[in-house]
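Data block below; observations after.
The values are calculated or read from the model by the stated rules, or taken from the named source; none is laboratory data. Fair warning: this is a prediction, and the values are worked out from it, not measured in the lab. Every residue, glycine among them, receives a Cβ derived from its backbone with ideal geometry; neighbour counts consider all protein chains shown.
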Amino acid sequence: MAGAAHADRAWVFRAPLGQGVLLGLFSLAAALILSLTHSATESAIAARKAEDLLASLAQVLPAEGHDNDPSQTRLILNDTAEGAITVYLAKAGPRVTGAALELTGFGYSGAIGVLIGIAPDGRILGVRVLSHTETPGLGDKIERRISPWVDSFLGRSLQDPDPDGWAVRKDGGEFDQFSGATITPRAVVATVERGLQLFVRHRSRILEARP
């Protein structure tokens, strides 16, 4: 009898219906494991992103100029040219002392994410490249850890230089290009200028913002 029962159970698992049940159980177990893993790592990933954002903002919005956490003080702008843009506000009490926004330019190898910090009077407080896929040893000089090139934007505005000056020297502008990699700095210069133009278009709303 025991042998017959064992044979019956073995037949059930060999049958199409039994195999389907087993496959379903394995799929359910795998889904549960993936769900638990995702839940366990999601909060850690979110925390890391928040830390990275805060560190990046600290490089373009000087700490001595505000007493808030800019990463938590946000304004969404709907711009006709750039679309929906998140602006991070630095504040000293109720007064806005700076704004940071990220725009995307396109270099030799693809998208370049540029974070721009701007003072209330339209001067640049800092520029950092957050992401890019430019060629190492050539285009990657847009990174502050590799080259101080982005510091050439400090204190600049749409009036300094004039519109013709917002270009690399090869194009008649005031910003240096890199040997063998003109397209990359050209893209960053154009993106920073776009950021300043966006700030001017929305200046009153930014400075009077109540996030």
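Observations
- Matching residues in the range 117-134 - criterion: being surrounded by 15 or more Cβ atoms within 10 Å (Cβ to Cβ) and more than 11 Å from the chain's Cα centre (by Cα): GLY117, ILE118, ALA119, PRO120, GLY122, ARG123, ILE124, LEU125, GLY126, VAL127, GLU134
- Hey, ILE76 more than 24 Å from PRO185 (Cβ to Cβ), at pLDDT 95 or above, of a type in the set (Val, Ile, Thr) and surrounded by fewer than 21 Cβ atoms within 10 Å (Cβ to Cβ) or not: yes
- The range 94-113 - residue that is under 19 Å from ILE76 (Cβ atoms) and among the aliphatic types (A, V, I, L, M) and, of those, surrounded by the fewest Cβ atoms within 10 Å (Cβ to Cβ): LEU103
- Residue count, the range 170-196 (criterion: in contact with a strand residue (DSSP E or B) (Cβ under 7 Å, 6 or more places away or on another chain) and assigned to a helix (DSSP H, G or I)): 12
- Check on ALA4, at pLDDT below 75, part of a helix (DSSP H, G or I) and under 15 Å from the mean Cα position of the chain (by Cα): no
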